[in-house]
Structure formats: structure tokens, C-alpha cells
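The values are calculated or read from the model by the stated rules, or taken from the named source; none is laboratory data. Model, not experiment: these values are computed from the prediction. Accessible surface areas use protein heavy atoms only, side chains included; no ligands, DNA or RNA. Shrake-Rupley method; radii C 1.70, N 1.55, O 1.52, S 1.80 Å.
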Amino acid sequence: MFLSFAPCRALAGLVLVLSTATVTTAKSWVLQDDATRVEFDDATGLMAVTQRTTQQRWQQRPAGTAFNVDHVTADPGRLVVALTGPFAMEMTLTLSTASDLEVTLTADPATPLAEPLAFPGPFTTPAADWNLVFPEAEGMLIPIEQVDTVLRGREPISVYDMSGLLMPWIGVTDGSLKSGYMMILDTAFDVSVSLNGRGGAPAPQPLWEAELGRFGYARSLRYHFFSAGGYVAQAKHYRDYVQRTREFSTLRERALTRPAIDRLVGAVHVYTWDDGRTLALAQEMKAAGIDRAWIGWDPNHPPYPKPGYSQGLTELGFLAGVYDLYRDIYSDTEYAERTAERPELKDLWLHRYDYHGLFEDLVARNADNTPMAMVRSSDVNLMRYWVCTAAMLPHVPDRITKELAVYPHESVFLDVTLAAGPIECFSPLHPMTHRQDAAARVEIHRYMAEDLGLVVGSEAGADYGAAHTEFMHGLVSMHKYFGDRRGPGGRRDDSSPTYRGDWSDTARPSMMLGEHEPTDVYWQIGLNPAYRVPLYELVYHDATVPSWRWNDNSHKQPTTWARKDLFNALYANAPQWNLDQGTWDRLRDKFVASFKTLNPVLRAVGYDEMTDHRFLNADRSLQESCFSSGARILVNFSSAAINHDGVDVPAEGFVMLPPSP
């Protein structure tokens with residue numbers, strides 16, 4: 001790598017190798033290595049990047065927040081750019097040994113940020129036939145010309161939230177799925193992503209947000225420019241980045257100290273409700289040939305299983321689990337009043353929103369010190385408030401240790417921790433930043449895994465917690481598409497065929513046990529194999545087991561069941577069911593057939609890294625996933641059988657090819 005500059009436009013071809021120097025008259029500055037050339041124009045404050053293998057050139061557009069270059073300092077291997085504008089800021093540009101263009105922004109930590117800092121600007125997307133590589137849920141590949149339709153506009157995209165990016169990166173790739181670039185957010189807890197494009201086609205740009213109202217700390221991101229590999233190369237580059245910069249371990253490595261993890265691999269994930277919380281139902285499942293299952297229940301909803309339930313599930317060979325939550329809290333006064341009106345609530349001694357007199361101590365607070373309200377529970381009509389995770393941490397053992405004495409389950413599902421974006425708390429007694437909230441959430445996962453030895457799951461899967469999470473319910477679902485809460489006009493309409501249900505019946509919530517039709521957009525986008533790509537699996541397949549959401553399970557929308565099983569086969573991840581006795585009796589044969597179809601695949605490659613994914617025909621109805629053991633899975637989403645390289649893949653079916661001898 002070397003750094004150079006051309007002191008004036010007329011001498012642009014002159015290359016000078018610099019030692020440390022500050023120059024105010026130069027116009028063009030260069031950082032480059034064998035793969036990447038970065039040019040910085042100090043007159044415009046913009047960069048242009050050339051991928052040297054393909055000669056693809058990427059021109060930066062002006063940022064949303066305007067800064068001027070005051071001067072540039074050139075050190076060996078980096079540029080330090082002093083900027084003036086709404087406040088003084090310094091930008092450092094470096095090319096890493098991995099050919100990443102690293103960008104770091106520093107300013108006085110006390111600098112107020114009333115509006116998000118839109119800087120640096122986006123790189124222009126070259127053409128309309130390019131694609132956005134979008135790590136929402138498992139992952140999406142969206143034609144640039146369809147971004148506004150598929151994402152419903154260009155509103156800022158949240159990071160580490162299930163409605164946005166669960167991994168803090170985003171990319172673009174060309175129509176042939178080869179060249180492109182990705183943007184990785186190194187500091188990802190106070191940032192969102194804009195696709196505004198600044199007058200051009202959609203293109204990613206960071207929007208740095210305040211930490212407790214201020215700039216707070218150095219913000220950094222990196223770009224990598226690719227000559228080949230498309231979305232697969234981008235996901236693999238991110239996997240390498242994670243392994244270099246964070247905790248990373250595989251399921252197989254974790255199973256050495258928590259052998260119960262092995263019962264997760266190849267299992268269906270089941271939530272039980274009402275009369276389904278019995279060993280009799282579990283015994284029926286086992287007798288029918290379903291010998292691997294994670295079976296959990298939610299203590300917010302009666303009835304509770306009889307003591308001995310968890311031990312009985314374990315004896316049957318299942319992984320006994322439970323639903324848990326450390327985000328929501330009820331007001332002590334309001335919950336006491338409701339319990340007096342509804343005595344059955346007194347039996348819910350493990351209710352996840354009741355902290356027994358600690359509301360004032362634990363509730364998260366807004367900047368005006370009022371409790372941070374969330375949403376009303378539809379089953380008991382009480383306001384739920386946000387917990388301050390940092391304040392609550394010392395109390396985590398209180399409930400779980402009491403619970404394990406009666407229900408010694410070997411697994412726990414932690415709702416919300418890796419699904420809802422981290423929050424800030426402005427309480428003068430326990431202020432908390434987004435970064436501190438995320439760290440506290442990870443500490444809950446670590447405590448459950450390392451101190452209690454449990455197999456840990458979470459909702460969705462913000463990947464800052466992936467190293468301490470063995471399964472992720474809901475990661476496979478494109479949650480914004482699969483059902484309606486309301487009908488036409490935005491009003492609740494439970495008569496709509498696509499209405500996905502609610503929680504009003506505490507014991508038998510229709511959200512869990514009801515059925516509904518899929519929306520048109522769910523077929524068009526959410527379950528369309530042309531839009532979906534397994535970005536998360538390409539990074540984490542050997543480290544965690546994703547499934548569908550519990551309110552978007554395999555059978556919730558009966559007409560989608562076969563399609564969901566195909567995605568489970570292609571990605572080698574888990575199906576998800578909600579069972580009471582009646583649902584099991586009614587759909588028993590379908591449950592058994594689905595399990596027996598998928599289990600051999602999930603068991604065969606469940607510990608493998610996913611090494612590749614390919615579209616094998618023009619309409620993307622035939623796809624292949626490849627694994628580190630050498631196994632390959634070919635899935636045909638079309639209604640006609642396809643022969644590929646001598647392999648017959650049945651209509652709406654799949655073939656698993658074992659490793660070559």
C-alpha cells in the first residue's frame with residue numbers, strides 16, 4: 001500500500017510518496033493497494049474508489065450533512081481530514097490489510113446532535129439492473145428499481161432491530177451477482193441507514209444518531225469493494241470480519257460443555273398451549289416418530305404444566321424449554337388492581353412482566369423522567385413499560401432460579417433481547433446508553449448459558465448476541481409481510497381472512513392457535529424465492545439455528561406450509577409449530593410427514609458452515625445451498641420437475657446430495 005497526492009490538477013499523474021505532512025493546496029489524494037484505489041478530492045470533500053481487478057469505479061455523492069475540508073494530513077497508510085461545518089470533525093481514511101476502506105469520524109464527545117449526522121455520503125449505484133443486498137431477517141436481494149416498492153419507501157432503516165438490519169452491513173451487487181461493494185458499520189448502536197441516494201438511485205449511507213443527546217464517541221464504518229462473488233462474497237467477508245473482531249464459536253464447540261445443544265440440531269421447535277402442556281401429547285409425538293423437538297411454554301398464559309413436566313420431556317429425549325422476557329414491566333399498582341379483578345392472574349406466579357414492587361426502581365425513563373411506555377397488553381388491558389436492562393440485571397437470577405426448582409428445563413427462549421433495538425434510559429439513578437443496553441442484554445444470555453448451563457434462544461437475531469445464542473425464533477420470517485393486524489382503513493378487522501389474530505384469550509390466543517390466509521404481498525415478496533437469500537446462514541449457519549416466528553409458524557397459514565418447508569430444507573433450519581391437543585389431533589399426519597422430510601437434512605448438515613448459495617435458473621425457482629461437509633441441497637420451488645446436471649428435482653420438492661466420496 002502507498003499514499004500519494006497530486007499537488008494540482010495539471011500534474012495529476014505525478015505520484016509522490018509522503019511521510020507525515022499537512023498540505024492545504026493539494027487537490028487529489030490517493031490510498032491504494034493491489035485490490036483497491038481510493039481518491040479523495042479535498043476541493044469537494046468526496047471520494048472515488050476503483051476496484052482494480054474490474055476497473056469498476058464508484059463515485060461518492062455529497063453527504064446529507066455538509067462539511068468543508070479545512071486541511072488534510074497525510075500519514076503513511078492513512079489520510080486525516082479536518083472538517084468544518086455544523087461542528088468541527090475529523091475523518092480518518094485507512095486501507096486495511098483486508099483491503100477495507102476504513103472511515104472513522106471523531107469530534108468533541110460533548111457536541112450536541114439534534115439531528116442524525118448523514119456522513120459520509122453514499123456511493124452512486126451504477127445502473128438500474130443492480131441489486132440491494134439487504135440483511136433483514138435471513139436476507140433479501142432486491143432489484144434497485146424495486147427498492148421503494150419492496151421496502152415501502154426510503155425511510156431510515158434501523159440497525160439491530162427485527163424491522164431493519166439484524167447484521168450491521170448492507171451492500172449492492174451487479175445484475176450478474178458478481179461485483180459490488182458492502183458497507184459494514186463498526187459502531188452500530190447509534191446509527192441507522194439511509195437509502196436516499198442523494199439525488200440518485202437508492203444507495204446506503206450511515207445516519208449517525210446521538211448518544212444521550214451528544215456525539216459521544218468515535219463513529220466508524222468500512223467499505224469493501226468486490227470483483228466477484230456477489231452477495232455470497234459479501235456475507236463471507238462479513239463472517240471473516242466477525243471472526244476477527246468479535247466473540248465467535250460454533251454449535252459444535254459449545255456442545256462440548258452443554259451437550260443438550262445436540263438435541264437442538266435436527267429438532268422441530270414447538271410452543272404448547274392450553275391442554276397441549278402435557279406429557280401425554282409429548283409421548284404421542286414421540287410414538288409418531290417425532291424424536292427431536294424443542295418444546296417450550298409461556299408462563300404469561302395459563303395453565304401451567306404440572307411439576308415434573310420438564311423432567312418428563314427430557315426423559316423422552318426432547319429439549320425442554322420455556323419462554324422468558326426481560327424487557328417489559330407492569331406498574332405494580334396497576335397489576336395489583338387487575339389481579340384483584342381477575343383472580344386467575346394470581347396463579348401466574350412466573351409472569352414475565354411482574355417485578356413484585358420494583359417498578360419504580362427498574363422502569364426505563366424518558367428525558368423528562370417519565371416512565372417509558374410501550375403498548376397495552378390486549379389480554380389484561382394493562383400498559384407495558386420498558387425495563388432499564390442495566391438496572392434489572394442484578395434481579396435476573398431471582399425468578400429463573402425459583403423457576404428451575406419446579407421446572408428444571410435445559411433451555412430458555414429470551415423474547416425481544418435480540419429483536420427490538422437497544423434503548424436509552426434517562427433515569428438519573430441508572431442512565432443507560434444503547435451500547436450499555438446491548439451489553440446488558442448479552443450479559444443475560446451469557447448468564448443463562450455459562451452460569452446456568454442452558455441452551456439459549458432469542459427472537460429474531462441481532463447478531464451482537466450471536467456468540468451466546470443457540471437458536472433464533474422468527475429469524476426466517478419476513479415479519480412485515482405475513483399478516484394483517486387491521487383491515488381496510490387501518491381499523492382492527494378480525495373478520496378479514498388475513499387477520500393474524502390477537503392475545504385477548506389468555507389461555508388460547510388466536511395469535512398462536514388461530515389460522516389465517518397469507519397476504520398477497522407475503523406471497524409476492526416474503527415467500528418469493530427470487531427475493532430471498534440466506535445471508536444470515538452464510539455467516540452463522542454453524543453457530544445458531546433459526547426458525548419461523550411463532551405467529552408465522554409452519555401451519556399458521558396452511559397454504560404456505562409446503563413453501564416454508566422448502567425454505568427450511570434449502571437453508572437447513574428449523575420448522576416451528578404451536579400445539580394444543582386439538583391442533584395435534586387435526587394435523588397429526590402433516591406434522592409427522594413434515595418432520596420426517598426435514599429432519600434427515602437438518603441433522604445431516606446442522607453443524608455445518610453454509611459455504612455457498614446459488615440460483616440455478618433464470619427465474620430463481622431452482623436453488624442450491626452448499627455446506628462444509630460437502631453436502632448440497634437442491635430445492636425446486638416451481639410446479640414442474642427439473643433435471644439439473646442429471647439430478648431430477650421434483651416439483652415443489654428437494655434433493656439432498658451427500659458429500660462426494
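Could you list which residues have their amide H under 5 Å from that of Arg532, counting only those 5 or more apart in sequence or on another chain, with H placed in the peptide plane?
When sequence neighbours closer than 5 places are left aside, the close amide H contacts are Leu141.
Give me log10 I(q)/I(0) at q = 0.25 Å⁻¹ for region 329-401, Debye formula, one equal scatterer per alpha-carbon, no solvent.
-1.25
Provide the per-residue ³J(HN,Hα) series for region 54-71, in order, calculated from phi with Karplus coefficients 6.51, -1.76, 1.60 and θ = phi - 60°, each as a whole number of Hz, with x at glycine and proline positions.
Calculated HN-Hα couplings, in order: 9, 6, 5, 10, 10, 9, 6, 9, x, 6, x, 9, 7, 10, 10, 7, 8, 6 Hz.
Tell me which aspartates and glutamates have Cα within less than 17 Å of Lys596's Cα, excluding those fewer than 8 residues away on the same chain?
Partners within reach: Glu284, Asp291, Asp565, Glu652.
Provide the per-residue ³J(HN,Hα) series for region 249-266, in order, calculated from phi with Karplus coefficients 6.51, -1.76, 1.60 and θ = phi - 60°, each as a whole number of Hz, with x at glycine and proline positions.
8, 9, 4, 4, 5, 5, 5, 5, 9, 10, x, 4, 4, 4, 6, 7, 6, x
Between His644 and residues 5 or more places away or on another chain, which pairs have amide H atoms under 5 Å apart, with H built 1.01 Å from N, and which residues are they?
Counting only residues 5 or more places away or on other chains, the set is Val649.
Roughly how many percent of the accessible protein surface of region 548-639 is carbon and sulfur, given a 1.4 Å probe and a whole-percent answer? Let's see the in-between values first.
On the way: 1360 of 2780 Å².
Here carbon and sulfur together make up 49 percent of the probe-accessible area.
How big is the C-alpha Rg of the chain next to the rule-of-thumb value 2.2 N^0.38 Å, as a ratio? The partial results should precede the final answer.
Values: Rg = 26.1 Å, N = 661, 2.2 N^0.38 = 25.9 Å.
Its radius of gyration relative to the 2.2 N^0.38 Å reference: 1.01.
For the chain, what proportion of DSSP beta bridges, expressed in % and rounded to the nearest 5, is antiparallel?
80 percent
Whole number in Å², please: accessible area per residue of region 124-231, 1.4 Å probe, ligands, DNA and RNA not counted.
Roughly 27 Å² per residue, with all protein chains present.
Collect residues whose amide H, placed 1.01 Å from N in the peptide plane, falls under 5 Å from the amide H of Gln32; neighbours closer than 5 in sequence don't count.
Amide H neighbours of Gln32, under 5 Å, 5+ apart: Phe2, Val38.
With every protein chain kept in place and ligands, DNA and RNA left out, what is the accessible area per residue of region 248-350? Probe 1.4 Å, answer in Å². Spell out each step's value before the answer.
Details: 3840 Å² over 103 residues.
Per-residue value: 37 Å².
Can you tell me how region 35-111 classifies by the Cα gyration tensor, rounded, prolate or oblate, using a/c under 1.5 as the rounded cut? Walk me through the numbers before you get to the answer.
Numbers: a/c = 2.21, a/b = 1.62, b/c = 1.37.
Prolate is the answer for region 35-111, as a/c is 1.5 or above and a/b outweighs b/c.
Could you state, as a whole-number percent, how many of the C-alpha pairs of region 432-582 are farther apart than 28 Å?
Roughly 29 percent, once rounded to a whole number.
Over 22 Å between Cα atoms: which of Lys178/Lys564; Lys178/Lys480; Lys564/Lys590; Lys286/Lys346 fall into that group?
Violating the 22 Å Cα-Cα cut-off are Lys178/Lys564; Lys178/Lys480; Lys286/Lys346.
Show me, for region 93-108, the HN-Hα J-couplings you get by feeding each phi into the Karplus relation (A = 6.51, B = -1.76, C = 1.60, θ = phi - 60°), rounded to Hz, glycine and proline as x.
Whole-Hz 3J(HN,Hα) from phi for region 93-108: 10, 9, 9, 7, 5, 8, 6, 7, 7, 8, 10, 10, 10, 10, 7, 4.
Quick one: compute the contact order of region 392-530, relative version, from alpha carbon pairs under 8 angstrom and 6+ residues apart, as a percent.
Reported relative contact order: 17 percent.
When only C-alpha pairs under 8 Å and at least 6 residues apart count, what is the relative contact order of the chain, in percent?
11 percent
Take the alpha-carbon centre of region 638-661, take the same for region 65-141, and report the distance between them in whole Å.
First find each Cα centre; the distance between them is then 45 Å.
Glu517 accessible area, nearest 10 Å², 1.4 Å probe?
Glu517 exposes around 110 Å² with every protein chain in place.
Got the relative contact order for region 283-408 handy, in percent, Cα pairs under 8 Å and 6 or more residues apart?
Relative contact order here is 26 percent.
So how do Lys236, Lys556 rank on accessible area, 1.4 Å probe, biggest first, that is with the largest at the start? Intermediate values should be presented prior to the final figure.
Numbers: Lys236 35, Lys556 0 Å².
From most exposed to least exposed: Lys236, Lys556.
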